[in-house]
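Every read-out reported here was derived from the displayed coordinates using simple, explicitly stated rules and does not represent laboratory data. None of the values given here were measured: they were computed from a predicted structure. Neighbour counts run over all protein chains shown; Cβ positions are idealised from the backbone, glycine included.
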C-alpha cells in the first residue's frame, strides 16, 4: 500500500507517542518538580549544547536548501535564533538561554563549553550531520522530530521554574518563546512531503529519519539523566 501524506504523518505521530519527550524522566522531573537546584543547573549546562550552538545546525540546513520559498522559511528560523526580532522582542535566543542560566546563578563563561556528557557530544555530531546530509532528512529531523515535541511542554517547565525556584519572567522567557516559536515552524509536514518526498522511498526515509532523530535525542536524555541523578543530595552552591 502506497504511503500517503496522511499515513506518513500518522507514523511520525505514533513515533512521538511511543517516545514522548515528556515521558522521559529528565523532562518529567522538570515539570513535576523532582529536581533540586544543582540538578536543574546541570541540565541547563547540558541542554545548552543545542540552543547556544544553533548556527551549527540551522545554518547547515539553510545552505543545502534547494528551494527559494523553503530557504526563506529556514532563513526566518536562523534570523529569529540570531536576533529574536520575530518572537522575543529583539533578544536573540542564545541571550534568552543565557538569561535563564543567569537566573539559576550560572555565569555566561560557564555555558559555552562546559564538560558536556558523551550523550550531548554524540547528539551534536548527529544533528550537524543530518542537517547537512540532504534537505529532506535535515527538515525531517529538525522540524518533524526535534521541534514537534516541544510545544505545550516548555510552557509547563517555565511555570514550574517560577513556582519552585522563583525565576523571573525574563529568566523563563527562553522556555515561553520556544513553546510558541517551535509550534510555528514544526507544522510543515504536508508541505514537506508533497514537495520533497514524492516517492515511496523518500517517504520511508522521512519516517526513518524522524525515528532516528527521536532515538538519538532520547539517548542524550538518558545520559544527561544518568549524571543528573547523582546530584540528588548535593547541597546548592553559594
### Query
Can you give the helix-only mean residue ellipticity at 222 nm for the chain, where every DSSP H stretch with n ≥ 4 adds -39500 (n - 2.57) and the sum goes over all residues, rounded to the nearest 500 deg cm²/dmol?
-20500 deg cm²/dmol
### Query
Which percent of Cα pairs goes in each bin when the distances of segment 48-117 are cut into 10 angstrom slices starting at zero?
20, 43, 28, 9, 1
### Degrees between helix 153-165 axis and first principal axis of the chain (Cα, 0 to 90, nearest 10)
0 degrees
### Task
Give me the distance between the Cα centres of segment 65-130 and segment 31-45, rounded to whole Å.
20 Å
## Note on the structure
Percent relative contact order for the chain, counting Cα pairs under 8 Å at least six residues apart, stands at 32 percent
### Query
P(r) for the chain: what percent of alpha-carbon pairs falls in each 5 Å bin, starting at zero?
1, 6, 14, 18, 20, 17, 11, 7, 3, 1, 0, 0, 0
### Task
Using a cut-off of under 11 Å, list every residue of segment 9-40 whose amide N is near the label point 7 Å from the Cα of residue 229 along the Cα-to-beta-carbon line.
25-26
### Task
Could you rank the peptides 138-150, 200-212 by their average count of other C-beta atoms within 10 Å per residue, with the highest value first?
138-150, 200-212
### Query
Which angle from 0 to 90°, rounded to the nearest 10, does the C-alpha axis of helix 37-47 make with the longest principal axis of the chain?
30 degrees
### Message
Between helix 93-103 and the chain, what is the angle of the helix's C-alpha long axis to the longest principal axis, kept within 0 to 90° and rounded to the nearest 10?
### Response
20 degrees
